[in-house]
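In what follows, a single structure is set out as structure tokens and then discussed.
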Amino acid sequence: MSRLRSIELHLPGAEAAAAFLTDHWGMAAAEREGDTWRLRGAGDDVYLLALTEAAEPSVQSVTFTASEAEIDRIEIQAAGAGAPVERIDVSDE
């Protein structure tokens with residue numbers, strides 16, 4: 001696997017979490033859309049972390065960059081474990 005690309009979390013206090021991460025950890029605000037804050041780091045990715053206000057915490061998505069063979073292997077393992085898998089090609093972004 002090449003690297004973790006991004007993670008999207010739903011949680012109570014998303015705005016406070018976004019403020020903490022920008023004020024103390026050095027992340028930068030990428031955009032805000034409704035109750036979602038997207039934060040970026042120093043790299044080229046549009047955002048690394050999305051935080052959405054929600055009553056209960058949950059992981060909404062985890063995005064990786066990897067070779068096609070690695071993605072195939074992960075998809076098979078995740079589906080075998082009963083996890084929902086959605087493949088999205090973002091190679092043109």
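Testing Ser67 on (1) under 16 Å from Ile7 (Cα atoms); (2) polar (S, T, N, Q); (3) out of contact with any helix residue (DSSP H, G or I) (no Cβ under 7 Å at 6 or more places or on another chain), one condition comes back false. Which one is that?
Condition not satisfied by Ser67: (1).
Please verify whether Gly43 is on the phi > 0 side of the Ramachandran plot and open to solvent by 40 Å² or more (accessible area, probe 1.4 Å), treating the condition exactly as stated.
Spelling it out, it is not the case that Gly43 is on the phi > 0 side of the Ramachandran plot and open to solvent by 40 Å² or more (accessible area, probe 1.4 Å).
Six or more apart or on different chains, Cβ atoms under 9 Å: show the pairs whose first residue is in region 4-32 and closer than 13 Å to Leu49 by Cα and part of a helix (DSSP H, G or I) and whose second is open to solvent by less than 90 Å² (accessible area, probe 1.4 Å) and among the hydroxyl-bearing types (Ser, Thr, Tyr).
Ala14/Thr36; Ala14/Thr52
Please find, among Ser61, Ser2, Ser91, the residue that is modelled with pLDDT under 95, open to solvent by less than 70 Å² (accessible area, probe 1.4 Å) and either of a type in the set (Ser, Thr, Tyr) or touching a Cys at 6+ places or on another chain (Cβ under 8 Å) (or both).
Exactly one residue qualifies, and that residue is Ser61.
The values are calculated or read from the model by the stated rules, or taken from the named source; none is laboratory data. Note that this is a predicted model, so its numbers are computed, not measured. Quick reminder, even Gly has a Cβ in these numbers, built from the backbone with ideal geometry, and neighbours come from all protein chains shown. Remember, those area values only see protein heavy atoms, side chains included, never the ligands or the DNA or RNA. Shrake-Rupley method; radii C 1.70, N 1.55, O 1.52, S 1.80 Å.
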